[in-house]
Amino acid sequence: MVEPGPVSEYTAVRKGGAGLIDFSSRGRINISGTEAVPFLNGLITNDVKTLELNSWVTAAFPNVQGRLLAAVRVLHTSAGYLLDTEATTSGKVLELVKRFTLAGDFQVADLTASTASISIQGTGSSRIIKALLGEGAADVERQRIVQTQLPDGAAVNVMRASHTGEDGFDLFTNAENAPSLWEALIAAGAQPVGLPTLEVLRIEAGLPRYGVDMDETSIVLETMLDDAVSFTKGCYIGQEIIARITHRGHVAKKLTGLRFAGEVRIEEGAKIRSVDGKEIGRVTSATYSPHLGRTIALGYVKYDFLAPGTVVQIISSAEEIAAEVAELPFVRGSWYSN
């Protein structure tokens with residue numbers, strides 16, 4: 001059960017301000033070379049062949065059984081294709097792509113230590129980005145990347161992205177520029193947000209986290225990563241299984257929301273049962289939502305019980321606690337109104 005951080009961090013994001021999150025621990029791996037596109041397209045679920053310069057998509061690395069090895073964002077910049085992934089999957093992604101470096105014109109560079117990633121989240125983020133990086137950066141369209149500069153000339157790549165259900169921006173820069181960028185964002189009005197508060201915000205937003213809500217046992221289509229899959233591209237590892245599931249119509253189970261009547265303590269991994277006692281899933285993340293005034297959770301539930309409003313029982317610490325299946329996201333913030 002996630003315990004929220006300071007109230008000021010949460011309200012900065014949810015109540016019209018801007019929260020500042022350091023994502024520099026995430027992995028950043030650059031792929032370049034004339035054969036970067038065909039090699040990448042054979043490894044991931046989305047189509048980089050159609051990815052325009054200065055744009056980005058989400059994608060997944062599946063294994064041959066269609067199970068999730070890593071979730072990534074692919075940024076097409078002038079330097080190549082930057083794979084941005086969670087810290088827990090950084091080494092795995094690096095290992096997956098490095099094995100092709102001797103097979104053709106395919107170069108791999110681990111930029112994790114030499115670069116930094118900072119996110120600003122909340123309805124006030126656009127105002128701060130405009131003041132610091134200009135109107136072009138603040139008006140960047142979704143799935144696009146704007147290359148701009150700090151007042152001191154340091155290069156920054158800006159993309160619109162939400163990790164909280166609120167409007168936001170992710171900024172990529174060289175590691176030596178990160179401290180000055182961080183301080184400039186704070187001076188412009190952003191409030192630093194710690195990991196406990198981020199966990200609450202991302203569960204409210206219904207966003208899965210690798211190693212918590214999804215892992216190598218999860219089929220890609222079970223994990224709320226539907227936008228990461230192209231159903232029109234050529235062959236890639238795991239495509240046969242993913243296509244078979246799609247043609248069948250649905251997965252056997254899927255990650256969904258669970259809503260409780262009030263504040264309760266729920267163990268991660270708690271079993272989910274139907275009202276007639278059948279085991280139908282498990283809880284992966286749980287937290288108290290300040291916005292909703294109740295406990296919420298993410299969990300896998302069998303297909304026949306996925307309809308919002310379905311009443312279920314959560315078995316936590318040998319106690320049965322009533323819940324109902326809820327549509328995600330729990331909180332539809334400013335990201336959904338822009």
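Only beta bridges with both residues in the chain are counted; by DSSP, about 95 percent of them are antiparallel.
Rounded to the nearest 20 debye, the dipole magnitude of segment 169-311 is 640 debye, with +1 charges on Lys and Arg beta carbons, -1 on Asp and Glu beta carbons, and the Cα centre as origin. From the cross-link list Lys271/Lys302; Lys253/Lys278; Lys254/Lys278; Lys15/Lys130; Lys233/Lys302, which pairs have alpha carbons spaced over 21 Å apart? Correct reply: Lys233/Lys302.
Charge tally for Thr310 (other residues, Cβ to Cβ under 14 Å; Lys, Arg +1; Asp, Glu -1): +2.
To put it simply, the accessible area of segment 1-78 at a 1.4 Å probe is 54 percent carbon and sulfur. Report for segment 139-253 the percent antiparallel among DSSP-assigned beta bridges with both residues inside it, nearest 5. Looking only at bridges with both residues in segment 139-253, the antiparallel portion is about 90 percent. Note on Lys278: accessible area approximately 120 square angstrom, rounded to 10, probe 1.4 Å, nucleic acids and ligands left out. Each Lys and Arg contributes +1 and each Asp and Glu -1, all at the Cβ; summed about the Cα centre of segment 91-176, the dipole is approximately 200 debye.
With contributions of -39500 (n - 2.57) from each DSSP H run of at least four residues, the per-residue ellipticity at 222 nm computed over the chain stands at -5500 deg cm²/dmol.
For Asp22, the solvent-accessible surface with a 1.4 Å probe is about 90 Å², rounded to the nearest 10. With protein chains left intact and a 1.4 Å probe, residues in the chain average 43 Å² of accessible area per residue.
The values are calculated or read from the model by the stated rules, or taken from the named source; none is laboratory data. As the structure is a prediction and not an experimental result, all values here were calculated from the model. Virtual Cβ from ideal backbone geometry, glycine too; neighbours counted across all protein chains shown. For the accessible areas, the whole protein counts, side chains as well, though only heavy atoms, and no ligand, DNA or RNA atoms are used. Shrake-Rupley method; radii C 1.70, N 1.55, O 1.52, S 1.80 Å.
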